[in-house]
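Below is one structure, written out as structure tokens; comments come after it.
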Amino acid sequence: MSDLRIRVIPALGDIAAEAWDACANPRVSTSTSARNRLSLLANRAEAQSDSQPHDPASLAPRLGQPLDSPLQAVESMPRAPSDRRDQVFNPFISHAFLSALEASGSAVARAGWQPQHLVAETGDGTVLGVVPCYLKSHSRGEYVFDHGWAEAYEHAGGDYYPKLQVSVPFTPATGRRLLVRPGPESETVETGLAAGLVELCRLRDASSVHLTFLTEPEWRLLGAHGFLQRTDQQFHWENAGYASFQDFLAALAARKRKAIRRERALPTGIDVHWLTGSDLTEAVWDAFFAFYIETGSRKWGRPYLTRSFFSLVGESLRDHILLVMAKRGGRYIAGALNFIGSDTIYGRHWGAIEHHPFLHFELCYYQAIEFAIRHKLARVEAGAQGEHKLARGYLPVTTYSAHYIADSGLRRAIADYLKRERAYVEAAGAELLTYAPYRKVPAEEA
């Protein structure tokens, strides 16, 4: 594909939503069953590796001259295997979600997130691929921690910032990062975008490129190009075809089952409500934002998202949002914000203005499981970290990131560290699985 060109846009508003989403969430990649689930939800809402074959910088000359020049010889580069699961609908990589972050002032240059999105297109302007990319002056809001790398490099006299971050800001949820429209040239476009990131790193005089919470096939592709490979761990709940929450409980060891039943016994007077679609009024968002600010200020000092973000995303993605709210005495006192994909419900933000035992677990974990079972979703992803989720049926799952480090000395040091870290993550995951709460024998009647 000799006429493929890569350009950089400084805002999501510079590309049509239809062109972006044709790459990010192409309808042809969504299974029939997944489409049916999305339709059901919409109707409900409406009615109610240290291995480096070569230096990654060797990708850059294949771009030719600046980023708007033709790509050359990318056909000969390693290609990524396909993973159909990772091409189903993911709300976070949609134009609606990412543009809401920018339009609300949450992910913009003054917040340390300067948009530098890549667009791959043919000579006639047909968009074949995009990458959500940001030039950053700090490492906040990423959930893959490189503060130690920054400090070490700066102590050695280097400048770690700016750096390039390929991710969904403030969102530790796995999804594709090299967003390519399906077609016979898709693997070539993926590789071209990877090369474009290396070249953009050079042009912006950045220290590095970091692709976080990407899919395993992308991780392997980038590793073959010399990007450093990193792993970490989250806890996800998998739906084993349960017909009800009681079916799920029956799969647990008796002690764990009793503990969850005890935790779900909320104080008298607290009611839980599911809000989605037209339920998501400005008054509801005002209440939730108060929770978000209260809890976020205690945890992080300054919450990342602005009030207008919730209004914008609540309008554009209203049928893909589930807000689980707790009410006591006629007013909302706590809430958990979830986004709904075609096979996954993603828990994102939680907050409260009153604190009651186990209310956090109920709204964030158990209600998400209830929703997934009722709507036959395959899994619940409940965000970053949290070994406490294990006892509640959420099991360890590996997450992936890939890193291009421009300085060869820093790259060698980080590669050595990551080799040991990957081994630790693998061993820790295996050990944690031995503490899984599920029965070791076929479930009997609960």
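The values are calculated or read from the model by the stated rules, or taken from the named source; none is laboratory data. Everything numeric in this text was worked out from a predicted model, so none of it was measured. Backbone-built Cβ (ideal geometry, glycine too); neighbour counts: all protein chains shown.
Hey, among Glu381, Glu354, Glu370, which residue is touching a His at 6+ places or on another chain (Cβ under 7 Å), among the acidic types (Asp, Glu) and farther than 16 Å from Ala259 by Cβ?
Values: Glu354 fails: touching a His at 6+ places or on another chain (Cβ under 7 Å); Glu370 fails: touching a His at 6+ places or on another chain (Cβ under 7 Å).
Among Glu381, Glu354, Glu370, only Glu381 is touching a His at 6+ places or on another chain (Cβ under 7 Å), among the acidic types (Asp, Glu) and farther than 16 Å from Ala259 by Cβ.
If only one of Arg374, Arg411 is over 28 Å from Gly223 (Cβ atoms), of a type in the set (D, E, K, R) and out of contact with any helix residue (DSSP H, G or I) (no Cβ under 7 Å at 6 or more places or on another chain), which one is it? So that I can check it myself, show each step before the final result.
Values: Arg411 fails: over 28 Å from Gly223 (Cβ atoms).
Just a single option satisfies the conditions, and that option is Arg374.
Of the numbered criteria (1) out of contact with any Leu (no Cβ under 7 Å at 6 or more places or on another chain); (2) closer than 30 Å to Thr306 by Cα, the one Gly125 fails is (2). Whenever a residue of region 402-417 is farther than 13 Å from Ser208 by Cα, its partners that are crowded, with 18+ Cβ neighbours inside 10 Å, lying with C-beta atoms within less than 7 angstrom and at least six residues away or across chains, give the pairs Ala415/Leu228. The residues of region 115-158 that are in contact with a strand residue (DSSP E or B) (Cβ under 7 Å, 6 or more places away or on another chain) and closer than 18 Å to Pro303 by Cα, listed by number, are Lys136, Glu142, Tyr143, Val144. When region 142-194 is examined, which residues are found to be within 23 Å of Ile340 (Cβ to Cβ), within 17 Å of the chain's Cα centre (by Cα) and assigned to a loop (DSSP other than H, G, I, E, B)? Listed by number, the residues that qualify are Tyr143, Ser167, Val168, Pro169, Phe170, Thr171, Pro172, Ala173, Thr174, Gly175, Arg176, Arg177. Would you mind listing the helices (runs of 4 or more DSSP H) fully within region 227-309 where at least 2 residues are in contact with a His (Cβ under 9 Å, 6 or more places away or on another chain) and surrounded by 15 or more Cβ atoms within 10 Å (Cβ to Cβ)? Fully inside region 227-309 and qualifying: 282-300.
Restricting to region 108-155, and then to whatever is β-branched (Val, Ile, Thr) and surrounded by 15 or more Cβ atoms within 10 Å (Cβ to Cβ), can you tell me which residue is nearest to Ile6 (Cα to Cα)? Steps first, please.
Going through region 108-155, the residues β-branched (Val, Ile, Thr) turn out to be 108, 119, 122, 126-127, 130-131, 144.
Pick out the ones that are also surrounded by 15 or more Cβ atoms within 10 Å (Cβ to Cβ) and you get 108, 119, 127, 130-131, 144.
Details: Val108: 22, Val119: 6, Val127: 10, Val130: 9, Val131: 10, Val144: 27 Å.
Looking at residues that are β-branched (Val, Ile, Thr) and surrounded by 15 or more Cβ atoms within 10 Å (Cβ to Cβ), I get Val119.
Take the residues in region 126-141 that are in contact with a Lys or Arg (Cβ under 8 Å, 6 or more places away or on another chain) and not in a loop (DSSP other than H, G, I, E, B); name whichever of them is nearest to Phe97 (Cα to Cα). Filtering region 126-141 for residues that are in contact with a Lys or Arg (Cβ under 8 Å, 6 or more places away or on another chain) and not in a loop (DSSP other than H, G, I, E, B), the one nearest to Phe97 (Cα to Cα) comes out as Val131. Considering only residues that are surrounded by 24 or more Cβ atoms within 10 Å (Cβ to Cβ), outside any strand (DSSP E or B) and among the small types (Gly, Ala, Ser), which ones fall in region 196-226? Scanning region 196-226 gives a single hit, Gly196. His273 meets each of the listed conditions (1) within 27 Å of His320 (Cα to Cα); (2) in contact with a helix residue (DSSP H, G or I) (Cβ under 8 Å, 6 or more places away or on another chain) apart from (2).
Among the residues of region 407-433, not one is within 15 Å of Thr231 (Cβ to Cβ) and outside any helix (DSSP H, G or I). Residues in region 357-398 that are within 18 Å of the chain's Cα centre (by Cα), more than 15 Å from Gly347 (Cα to Cα) and surrounded by fewer than 17 Cβ atoms within 10 Å (Cβ to Cβ): how many? So the count comes out to 2.
Kindly indicate whether Asp319 is surrounded by 18 or more Cβ atoms within 10 Å (Cβ to Cβ), assigned by TED's automatic domain parsing to the domain that holds Phe248, among the charged types (D, E, K, R) and farther than 24 Å from Gln385 by Cβ. Yes: the conditions hold for Asp319.
Among the candidates Ser99, Ser51, which residue alone is surrounded by fewer than 22 Cβ atoms within 10 Å (Cβ to Cβ) and either assigned to a loop (DSSP other than H, G, I, E, B) or modelled with pLDDT under 95 (or both)? Let's see the steps before the verdict.
On the way: Ser99 fails: either assigned to a loop (DSSP other than H, G, I, E, B) or modelled with pLDDT under 95 (or both).
Sole residue among the options that is surrounded by fewer than 22 Cβ atoms within 10 Å (Cβ to Cβ) and either assigned to a loop (DSSP other than H, G, I, E, B) or modelled with pLDDT under 95 (or both): Ser51.
Checking each residue in region 238-290 for being under 30 Å from Glu315 (Cα atoms) and among the charged types (D, E, K, R) picks out Glu238, Asp271, Asp279, Glu282, Asp286. If you go through region 413-433 and keep only what is surrounded by fewer than 13 Cβ atoms within 10 Å (Cβ to Cβ), of a type outside the set (A, V, I, L, M, F, W, C) and over 19 Å from Gly386 (Cα atoms), you end up with Asp416, Arg420.
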